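Trainee: Please find one structure pasted underneath; my questions will follow.
Read the figures in this text as sums done on the coordinates, not as results from a lab. Given the structure is predicted, the values throughout are model-derived calculations rather than measurements. Note that we place each Cβ from the backbone using ideal geometry, even for glycine, and neighbour counts take in every protein chain shown.
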Amino acid sequence: MKEVHSYWAYLVLLILIFAVTNAIIGLTQKKQFTDKDLRIGLFALIATHIQLLIGFVWYFMSPWFDLLISDTATVMKTKEVRLLAVEHPLMMIIAIVLITIGWSKHKKKTTDTAKFKMFAIFYGLGLLVILSRIPWNNWF
């Protein structure tokens with residue numbers, strides 16, 4: 001499960017980077033928001049939610065969850081363990097909430113610029129949060 005979570009993460013990052021870049025280009029160049037743009041945002045939303053589900057399964061199977069339950073004080077004192085047991089899962093949930101908010105807010109907008117802006121802001125913030133809490137030294 002850990003390998004699935006790690007490999008799917010590459011796909012999620014690529015899709016999110018593409019979605020944010022597409023939104024910024026659409027916003028700055030005042031492009032029309034087309035079905036292609038909608039699908040890019042939707043695919044990013046779906047990919048991140050799948051990653052969240054995979055992450056939940058892995059987290060509850062992982063030694064980090066057991067350690068957090070049995071010895072919270074040690075987890076919180078150790079930077080590397082705290083990242084894997086607390087910070088990474090919590091921040092990924094926050095990132096996916098931001099992405100989901102961006103998807104919901106874009107649907108209520110009536111102008112192309114506003115739709116691109118919602119994707120750029122919320123998907124961009126979600127991407128930054130994800131990048132900030134990836135356990136890079138465990139990933140490579």
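Trainee: Convert each backbone phi in the stretch 91-106 into a coupling constant with the Karplus relation 6.51 cos²θ - 1.76 cosθ + 1.60 (shift: θ = phi - 60°), then list the ³J(HN,Hα) values in order as whole Hz, x for Gly and Pro.
Mentor: With coefficients 6.51, -1.76 and 1.60, one gets 5, 5, 4, 4, 4, 6, 5, 4, 5, 5, 4, x, 5, 5, 5, 5 Hz.
Trainee: Can I ask one more? May I ask for the distance between the Cα centers of the stretch 82-140 and the stretch 30-65, given as a whole number of Å?
Mentor: Cα centroid of the stretch 82-140 versus Cα centroid of the stretch 30-65: 9 Å apart.
Trainee: Let me ask you something else. Along the charge dipole of the stretch 63-140, pointing to its positive end and built from +1/-1 on Cβ of Lys, Arg, Asp and Glu, which listed residue (Phe65, Leu83, Ile134) has its Cα farthest out?
Mentor: Ile134
Trainee: Just to check I understand the Karplus step: with θ = phi - 60° and J = 6.51 cos²θ - 1.76 cosθ + 1.60, what whole-Hz values come out for the stretch 68-78, glycine and proline as x?
Mentor: 4, 5, 7, 8, 4, 4, 5, 4, 6, 7, 9
Trainee: Would you please calculate the Kirkwood hydrodynamic radius of the stretch 64-140 over all C-alpha pairs and express it in Å, rounded to one decimal?
Mentor: Values: mean 1/r = 0.0715 Å⁻¹.
The Cα-based Kirkwood calculation yields 14.0 Å.
Trainee: In a Gaussian network model over the chain where Cα atoms closer than 10 Å are linked, find which of Leu67, Leu98, Leu125 has the largest mean-square fluctuation.
Mentor: With Cα springs under 10 Å in the chain, the top fluctuation among Leu67, Leu98, Leu125 is at Leu67.
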